[in-house]
């Protein structure tokens with residue numbers, strides 16, 4: 001019987017409240033790369049030493065590489081990517097976001113590539129330079145081939161951009177990728193509320 005992420009997380013949190021090093025050691029026993037990456041990212045948030053935070057985040061990226069396809073690897077890697085930004089590791093954030101973008105662009109399946117690029121956009125939205133590079137690729141991929149999930153991703157991305165004070169023309173570019181009029185209208189109504 002497999003143990004759920006929630007159960008593992010609760011076990012690690014209990015250990016973490018008493019001993020950071022022991023929690024980190026226990027994370028080594030997690031075989032599922034999705035769960036392990038998420039747990040390592042969470043552990044890094046509780047570490048007081050910046051060197052150890054960075055080392056733990058790097059372990060999370062290494063774990064994500066064990067995922068079975070490009071899309072999953074990129075999506076899972078976005079957890080530690082956001083944490084790099086939140087903890088102020090700018091140089092590492094720049095390096096990893098570039099690496100993930102390059103990896104996402106190798107995905108030949110446009111639907112899966114769009115989803116990976118969406119995750120990168122959502123993870124880099126607070127860094128305008130990295131975000132705008134990822135956004136360009138996201139829009140190109142959305143315009144290449146339509147998939148229902150693209151509309152939802154564009155809707156969420158437009159809201160996030162507005163919340164982060166991106167200029168209206170950039171938000172409009174994302175809205176223009178939404179193909180279904182009903183979703184476009186809902187997105188425009190939501191944007192007016194922000």
Exercise. For the chain, find the longest principal axis of its Cα atoms and tell me its angle to the long axis of helix 110-124, 0 to 90°, nearest 10.
Key: 70
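Hey, what number do you get for the chain at 222 nm if only DSSP H runs of n ≥ 4 count, each worth -39500 (n - 2.57), divided across all residues, to the nearest 500?
-25000 deg cm²/dmol
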Quiz item: Which angle between 0 and 90 degrees, to the nearest 10, do you get for helix 128-144 versus the longest principal axis of the chain when only C-alpha atoms count?
Solution: 60
Practice problem: For an R0 of 41 angstrom, estimate the FRET efficiency from the Cβ-Cβ distance between residue 188 and residue 86 and round to the nearest 0.05. | Solution: 0.85
Practice problem: Can you put 70, 41 in order of Cβ neighbours within 10 angstrom, beginning with the fewest? | Solution: 70, 41
Quiz prompt | Normalised convex hull volume, the range 50-144, alpha-carbon set, Å³ per residue | solution = 71
Quiz item: Taking the Cα atoms of the range 5-108, what is the range of coordinates along each of the three principal axes, in descending order and whole Å?
Solution: 44, 28, 16
Quiz item: What list do you get for 82, 152 if you sort them by fewest beta carbons within 10 Å?
Solution: 152, 82
Exercise. Identify which of the listed values of Rg and Dmax of the Cα atoms in Å was calculated from the structure shown: (i) 17.9, 53; (ii) 20.7, 73; (iii) 19.3, 67.
Key: (i)
Quiz item: Just how far, in whole angstrom, is the range 114-139 from the range 175-194 if you go by their alpha carbon centroids?
Solution: 19
Quiz prompt | Ranked list, fewest to most other Cβ atoms within 10 Å of each Cβ, for 160, 62 | solution = 62, 160
Quiz item: Using the alpha-carbon atoms, what tilt in degrees (0 to 90, nearest 10) does helix 181-193 show relative to the longest principal axis of the chain?
Solution: 70
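Bear in mind these aren't lab numbers, they're just calculated from the coordinates by the rules spelled out. Since the structure is predicted, the reported quantities are computational estimates derived from the model, not experimental observations. Here Cβ is always computed from backbone atoms with ideal geometry, including for glycine, and neighbour counts include all displayed protein chains.
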